There are 2 protein chains.
Amino acid sequence: MKRIADSTVRRLSLYLRFLEDFEKRGIGTISSDELAARGGTTSAQVRKDLSFFGSFGKRGLGYSVAELAARLRQILGLEREWQVIIIGAGKIGAALAQYHGFAQRGFRIVAVYDSDPAKVGRSVDGLVIQALDSLPDEVKHQPADIAVLAVPATSAQEVADMVVKAGIRAILNFAPHQLQVPDTVAVKAVNMAMELEGLSFALTNG
Amino acid sequence: MKRIADSTVRRLSLYLRFLEDFEKRGIGTISSDELAARGGTTSAQVRKDLSFFGSFGKRGLGYSVAELAARLRQILGLEREWQVIIIGAGKIGAALAQYHGFAQRGFRIVAVYDSDPAKVGRSVDGLVIQALDSLPDEVKHQPADIAVLAVPATSAQEVADMVVKAGIRAILNFAPHQLQVPDTVAVKAVNMAMELEGLSFALTNG
DNA sequence: ATGAACTTGTGAATTTCTTCACAAGTTATC
DNA sequence: GATAACTTGTGAAGAAATTCACAAGTTCAT
């Protein structure tokens, strides 16, 4: 199977969101053109994106909303539940732990860790904050698929190393630090400072 | 001036972060190769990125860390302070308001708005939460450059319209909703659900 | 002053991503 | 069942981004 571009995966995720919206509104079929209009892209792009995975539409008619949504969920691996741990119970970590949108989409937060002894033992949204040191053992008992890093930039690499060593193969990194990990580990970064600087650039050079 | 790709701007932002780190550690000059190693790219990419804006290095020697950092700050428009308003004082909005990393990089949060009367009047990190209705008037008195949307997906478009109407030309959108705005307005989206789905895809098809 | 070791800046080549364009299939109407 | 109006799926073309490769400039050691 050919390597799928990151940009394609991001668009699939967008399409799925639109489809779920259409599904809720009781719309049965949709054309690539309508889907494209919603996502700020073109119908050819939509069809090309989908073509990497098969052909899901009917010529002359379009796509069945329910069916395409199901196929996208399958492609994106959203048919199962993923176990997520959050590392860092500061402002961002705590906000993420309390955000229930994740659970709704099958990302279940199973643990929250922090290295600060003052925080360990307290609870966030029903989860007791655990000592970061205990992570390797805990993960053995209750495996986790994805680690969310909400720690300061200075300790991000160290924590990432620990997480990788514990066998976790996907990291969502909120720390403004470029992580170095083996290429068997998937990393996505959410970097607000970078986005703001992108806006600053746009405002300056617009 | 040729249009600069988004990916280039993101990398410039990364380079700047590394340079600031090198600056702190007292390193005077750096080669494109060292900069590339840090950012997971290639030296040719670094040089190409910079070449869109001029030539800042010395052949045989590399780049002056301080000088290149200064040029990047200038290019990214970070020499001035940007006035930021946060809309939505929920979990995410409040966490952002309390995150001081923004201010350190010249993004000063000047106001927080919410449409919930129960929240209006309370304060977050020294800022009194204001009624969303009052935004158009408030922005006239104290202009804002960037609006951060931390509202539910269902009201995101409505709030974006309001913000655009008030004359704000840059939006950082945390709501999982694709905004439609005039192309004079710059939008960056931070979409955690999308990033998680990207990880889900990687884990499934890795 | 010369040679060796670096490193930049940049056209050209290459690779990757997006858009075009159209055959082929579907539905609706008369 | 013939025609018109759609829409998909995809090879080919085009555009954009990345990488290559090398001339030209700099430093350092001898």
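The values are calculated or read from the model by the stated rules, or taken from the named source; none is laboratory data. What you are looking at is a predicted structure, and each value in this text was computed from that prediction instead of being measured. Cβ placement follows ideal geometry from the backbone for every residue including glycine, while neighbour counts extend to all protein chains displayed. Note: accessible area is taken over every heavy atom of the protein model, side chains too, but ligands, DNA and RNA are not part of it. Shrake-Rupley method; radii C 1.70, N 1.55, O 1.52, S 1.80 Å.
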Rh (Kirkwood; distinct C-alpha pairs) - the protein assembly as shown, Å: 22.9
In terms of the ratio Rg/(2.2 N^0.38 Å) built on C-alpha atoms, what value belongs to segment A:12-62? 1.06
At q = 0.24 Å⁻¹, the log10 of I(q)/I(0) for segment B:82-194 from a Debye sum over equal Cα scatterers comes to -1.59
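Quote the charge dipole size of the protein assembly as shown about the Cα centre in Debye, to the nearest 20; the model charges only the Cβ of Lys and Arg (+1) and of Asp and Glu (-1).
Values: 48 positive and 44 negative charges, 224 e Å.
Rounded to the nearest 20 debye, it is 1080 debye.
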Roughly what % of DSSP beta bridges within chain A run antiparallel, to the nearest 5? 25
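Of A:Lys165, A:Lys48, B:Lys140, which has the most accessible area and how do the rest follow, probe 1.4 Å?
Numbers: A:Lys165 185, A:Lys48 120, B:Lys140 155 Å².
Correct descending sequence by accessible area is A:Lys165, B:Lys140, A:Lys48.
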Nearest 0.05, what FRET efficiency do A:Asp133 and A:Thr42 give at R0 = 56 Å with Cβ-Cβ as r? 0.65
Longest exposed-loop-site-free stretch of chain B, with GluC sites (Glu not before Pro), DSSP loop and at most 14 other Cβ within 10 Å? B:82-206
What part of the accessible area of chain B, given as a whole %, is carbon or sulfur when the probe is 1.4 angstrom? 49
Run down the aspartates and glutamates and flag those whose C-alpha is under 15 Å from the C-alpha of A:Lys165, throwing out any fewer than 8 positions away in its chain. A:Asp133, A:Asp137, A:Glu138, A:Asp145, A:Asp183
Most to least accessible of B:Asp183, B:Asp161 (protein chains only, probe 1.4 Å): B:Asp183, B:Asp161
What's the Cα-based Rg to Rh of chain A, Rh via Kirkwood? 1.03
Extend 7 Å from the Cα of A:Leu203 along its Cα-to-C-beta direction; within segment B:83-103, residues with backbone N under 11 Å of that point are B:83-85
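Which of the pairs B:Lys24/B:Lys188; B:Lys91/B:Lys188; A:Lys119/B:Lys91; B:Lys2/B:Lys188; A:Lys2/A:Lys24 have their Cα atoms more than 27 Å apart in this structure? Don't skip to the end; give the middle numbers.
On the way: B:Lys24/B:Lys188 29 Å; B:Lys91/B:Lys188 20 Å; A:Lys119/B:Lys91 19 Å; B:Lys2/B:Lys188 21 Å; A:Lys2/A:Lys24 33 Å.
Pairs exceeding 27 Å: B:Lys24/B:Lys188; A:Lys2/A:Lys24.
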Note to self: C-alpha centroids of segment A:169-183 and segment B:140-206 sit apart, in Å, by 23
Please list the three semi-axes, largest first and in whole Å, of the ellipsoid equivalent to segment A:11-98, using sqrt of 5 times the eigenvalues of its alpha carbon gyration tensor. 30, 14, 13
